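**Student:** What follows is a structure written as structure tokens; I'll ask about it next.
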Amino acid sequence: MASSTELTLLIIYAVAFYLFIIHRSLQISRDHYTKVYGLRPGWIFHRLNDVSDAQWRNFRGNLTILTLVFGIFTIVATACRKYGLKAKGMAAIWLLVSLTYLLYLHGACVIYILSIASANFLLVKICGRTKFVFLLWIFNLTFLIYNRVYEGYPFSLFGRSWAYLDNYRGTFRWHSCFNFVILRMISFGYDYHWADYSNRFDKEKHIKRCNNCSLGRTCYQLLQERSLESDKFSFTIYLCYLIYAPLYIAGPIVSFNAFASQLDSPHTTHSLKDVVWYGLPWNFSFMLMESMTHFFYYNAFAISGTWKYLSPLDIFIVGYGVLNFMWLKFFLLWRYFRFWSLINGIEAPENMPRCINNCYNLESFWRNWHASFNKWLVRYMYIPLGGTQMKLLNVWVIFTFVAVWHDLEWKLLSWAWLTCIFFIPEMIIKSTTNALKVESSFGKFLYRELSAVAGAITITCLMVANLVGFVIGSSGINWLLSKFLQKEGLPTLGGMFITFYVGTKLMFHISDAKQKRIHNR
């Protein structure tokens, strides 16, 4: 009874909070739209549309051509599979189609992609089965940094006779997409290195525990962990994996083992009906994004720097809105590309399995934000670096790599190191509470309340870290603190904390309901 009363009160507070956020966001956008840039004439009620985010603008503008390309890709792939083509045959077909796609995107810069990829393949074959496999990291990190430093290498760097090729660099910067290719090149190298260690994974034990595999289907983890035959590590399959069209631009990231395993037999985890139903809600999410960008100019405020002149309350609203905009943007991008990959028989991990507003600790947040990248980091960095035994050290190495992987900017390094600092108390508290056994009703109540307070603090830290990393930069930390620690900002800070506390309690109820449903099956 007490639990249902609490849930009712929490829901009432949440509804009131979002109604207030919507009302105030409309006011801010109406009062300040002339001071921001990145707005274009829209199609909803003749309102201006916020297209200030370059990534979203490019995706939205090219959605028709992308759908056409992937539609043709699907028709070709389906026809070839009906003729019984297996791994090498399918890889050759997909490679041909993907190369055509790359020529449209990058023009003459495809030369760079193929050259670096070929050098990596040669390096893998030479040292992939030796103790010098670490050279793969050095090779790929070097190109990760130099690609950014030299902005994709103008052809004029190599002499005047090559300069004319700079007129044929395509429609999309190749070195932006190549960050994902680097992850795939490392995946290929280490999956090749581990191919002789099939005993690393207990297949029978996994099948007994996995709901999909126990029903005769093959889950993603099994596809990734089981070893492949040596003929699967051919140059054709490797190159097809690197530039596989549906996942090339932005992922999700799939390991080489998982990709090559599905060339012979398409995934069995999802039926065609499941895939169609997976794709349909995307249209609703797209319309939600269109409504957001037509009525709430969150990103335009952030890009223009106009929010610095707003009140602390309005700064919080814009900051909260920016994070929700980012989540929805990436949700749409990744789900769109994953949908086309599933249609073509290749399963990749879901990148946004949980909403940003349903994560109250850092660990669950990073498991559910760019989840395929998280799986990649666990497999190729976290476990090789010592796993849980070296967790406090691992997070610094991993998040520094993630920052550099995104771009060479100090604000991203600030984001990475702030996240690591916020991770430390969470890990200490988690290990302490796991050691304590709470038996009494009062003890369980106290533990739940303290967890809700910790969740509110964590959400605040997440907001600060992401705003520093992706919006205001490290130089804006002092400005942000000064805004909220002054007399005018303290009530807003208190309101934020109460709201995040309520949100965390709601997440507890959601989690309890899920556990109850699983238990009743």
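The values are calculated or read from the model by the stated rules, or taken from the named source; none is laboratory data. Because the structure is a prediction, the values reported are computed rather than measured. We place every Cβ from the backbone using ideal geometry, glycine too, and count neighbours over all the protein chains shown. Accessible surface areas use protein heavy atoms only, side chains included; no ligands, DNA or RNA. Shrake-Rupley method; radii C 1.70, N 1.55, O 1.52, S 1.80 Å.
**Student:** Before rounding to the nearest 500, sum -39500 (n - 2.57) across all DSSP H runs of length at least 4 in the chain and divide by the residue total; then give [θ] at 222 nm in deg cm²/dmol.
**Tutor:** Roughly -22500 deg cm²/dmol at 222 nm, from the helical runs in the chain.
**Student:** Once Lys and Arg get +1 and Asp and Glu get -1 on their Cβ, which of PHE73, ASN374, MET496 lies farthest toward the positive end of the dipole of the chain?
**Tutor:** PHE73
**Student:** Please compute the contact order of the chain in relative form: average sequence separation of alpha-carbon pairs under 8 Å and at least six residues apart, divided by the residue count, as a percent.
**Tutor:** For the chain, the relative contact order is 17 percent.
**Student:** Which one is right for this structure if Cα Rg over 2.2 N^0.38 Å is calculated from it: [x] 1.10; [y] 1.03; [z] 0.93?
**Tutor:** [y]
**Student:** Still on this model: State the Cα centre-to-centre distance between region 302-360 and region 1-44 in whole Å.
**Tutor:** 16 Å
**Student:** At 20 angstrom or more along the helix axis (alpha-carbon based) and mean Kyte-Doolittle of 0.5 or higher, what helices does the chain contain? Whole DSSP H runs only.
**Tutor:** Going by DSSP H runs, the hits are 2-32, 63-82, 87-106, 110-127, 135-149, 312-343, 391-406, 410-435, 441-467.
**Student:** Over the chain, give the accessible area per residue in Å² for a 1.4 Å probe, as an integer.
**Tutor:** 49 Å²
**Student:** Still on this model: By average Cβ neighbour count within 10 Å, what is the ranking of 394-401, 19-26 from highest down?
**Tutor:** 394-401, 19-26
**Student:** Same structure, new question: Which entries in LYS125/LYS232; LYS82/LYS232; LYS329/LYS514; LYS308/LYS411 show an alpha-carbon gap greater than 23 Å?
**Tutor:** As for pairs spanning more than 23 Å Cα to Cα, those are LYS329/LYS514.
**Student:** Using a 10 Å cut-off on Cβ atoms, rank the peptides 186-195, 121-130, 322-331 from the highest mean neighbour count down.
**Tutor:** Going by the mean number of other Cβ atoms within 10 Å, highest first, we get 186-195, 322-331, 121-130.
**Student:** Normalise the Debye intensity by I(0) for region 218-299, one equal point scatterer per Cα, no solvent, then take log10 at q = 0.22, 0.25 Å⁻¹ and round to two decimals.
**Tutor:** For region 218-299, the Cα-only Debye profile gives -1.10, -1.25.
**Student:** For region 323-425, treating each Cα as an identical point scatterer without solvent, what Debye log10 I(q)/I(0) comes out at q = 0.13, 0.21 1/Å?
**Tutor:** With no solvent term, the Cα-only Debye profile gives -0.53, -1.25.
**Student:** Assuming 0.36 nm per residue, please report the length gained on full extension of the stretch TRP282 to THR142 beyond their Cα-Cα distance.
**Tutor:** 46.7 nm
**Student:** About the Cα centre of region 320-399, what is the dipole size in debye to 20, counting +1 per Lys and Arg Cβ and -1 per Asp and Glu Cβ, all else neutral?
**Tutor:** Using only the charged Cβ atoms, the result is roughly 20 debye.
**Student:** I would also like to ask the following. With +1 assigned to the C-beta of every Lys and Arg and -1 to the C-beta of every Asp and Glu, and no other charges, what is the dipole magnitude of the chain about the Cα centre in debye, to the nearest 20?
**Tutor:** Magnitude of the dipole: close to 640 debye.
**Student:** Length gain on complete extension for the stretch LEU9 to LYS444, per 0.36 nm per residue less the alpha carbon to alpha carbon distance?
**Tutor:** Separation in residues times 0.36 nm, less the Cα-Cα distance, equals 154.6 nm.
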